[in-house]
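Take a look at the structure set out below.
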């Protein structure tokens, strides 16, 4: 932002007496108004004051509570259980040992048991209902990485058992449709900044789509190239699309000439080149000092490293 000689307002200082409308709270916390209302009505997590006309007004205490709720959801605690945690103490730091990891995993297991039952019955309506509940309870990365994808992987690895192929096909198709839908909604009318492509034969479509979903954000447009995209034609595609970055996704161990191929590709691109997936962790040492950024395979980490790389603050 350009420097200005105008008188600047004092730094933002929110006091307990100040009250904020729901849209301002959404802007400050990143939680949309629909979710804020649901946390109030369904779970009683927030109790904003009301104007005479019925409009909600939130205090700084309410905003801090929203941030606490986000923190617990980010740790994998179901939103339905957050209220009990917050009621025990107002000191969030003192709560670090209240919810052991085994209880979080038990909560995941309850959802997975419901998902497994729906898939084994080939009940797509019930699966859709469960998906909606899980997604409204957890963050996106927890929903997929900790709840749905372990079941997807388990079915994929047990396809020698009768019926598991059909179950996996159903779950895979269901998740691909949902992830594609979210990618379209996320991209919206944003300017295209990142293109994500798989190295042929190195992953399945759902893994590629999820990687793109993890990378995306409201201010970062992401486009996924279809499986089968020729590696040698990526330069041509990027010349036409003109993205800020190309992210290659691979879950396979790098072959001996892998780093050489990536460096040669990077030299021919007019945009930044990054590597994501299991290969990013395995090839990071061999790519150290190059122009290629390795952004890992974990959802939150991929998005953070992608943004850092685009901002020029990520060391390669």
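Read-outs: derived from the displayed coordinates by stated rules, not from any lab. Predicted, not measured: the structure shown is a model, and the values here were computed from it. Cβ sites come from the backbone with ideal geometry, for glycine too, and all protein chains shown count toward neighbours.
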Between 0 and 90°, nearest 10: helix 258-268 axis offset from the chain longest Cα axis: 80 degrees
37 °C / 0.692 mPa s Stokes-Einstein diffusion coefficient of the chain, Kirkwood radius on C-alpha pairs, µm²/s: 148 µm²/s
Length added when fully stretched, residue 61-residue 231, from 0.36 nm per residue minus Cα-Cα: 55.9 nm
Rough spin-label spacing in nm, given labels placed 7 Å along Cα→Cβ, for residue 219 and residue 307: 0.8 nm
DSSP bridge pairs, the chain: antiparallel proportion in percent, nearest 5: 25 percent
Pairwise Cα inverse-distance average, inverted: Kirkwood Rh of region 125-164 (Å): 11.1 Å
Mean Cβ neighbour count within 10 Å, used as a protection proxy, ranking 170-176, 286-292, 144-150 highest first: 144-150, 170-176, 286-292
Global form of region 188-311, assessed from the alpha-carbon gyration tensor, a/c cut-off 1.5: rounded
Angle between the chain longest axis and helix 205-215 axis [Cα atoms, degrees, rounded to 10]: 50 degrees
Projected label distance in nm at residue 185 and residue 241, using a 7 Å step from Cα toward the beta-carbon: 2.3 nm
Degrees between helix 124-137 axis and first principal axis of the chain (Cα, 0 to 90, nearest 10): 60 degrees
Quotient of Cα Rg and 2.2 N^0.38 Å for region 101-180, N being how many residues it contains: 1.04
Neighbour-count ranking [beta-carbon atoms within 10 angstrom, fewest first] of 231, 249: 231, 249
Residue 267-residue 176 FRET efficiency (beta carbon distance; Förster radius 41 Å; 0.05 resolution): 0.75
Ranking of 169, 196 by count of other Cβ atoms within 10 Å, fewest first: 169, 196
Exposure proxy ranking, count of Cβ atoms within 10 Å, fewest first, for 41, 56, 129: 41, 129, 56
Tail beyond 18 Å, pair distance distribution of region 20-95 (Cα, percent): 36 percent
Gain upon complete extension [residue 126, residue 157; 0.36 nm per residue less C-alpha separation]: 8.8 nm
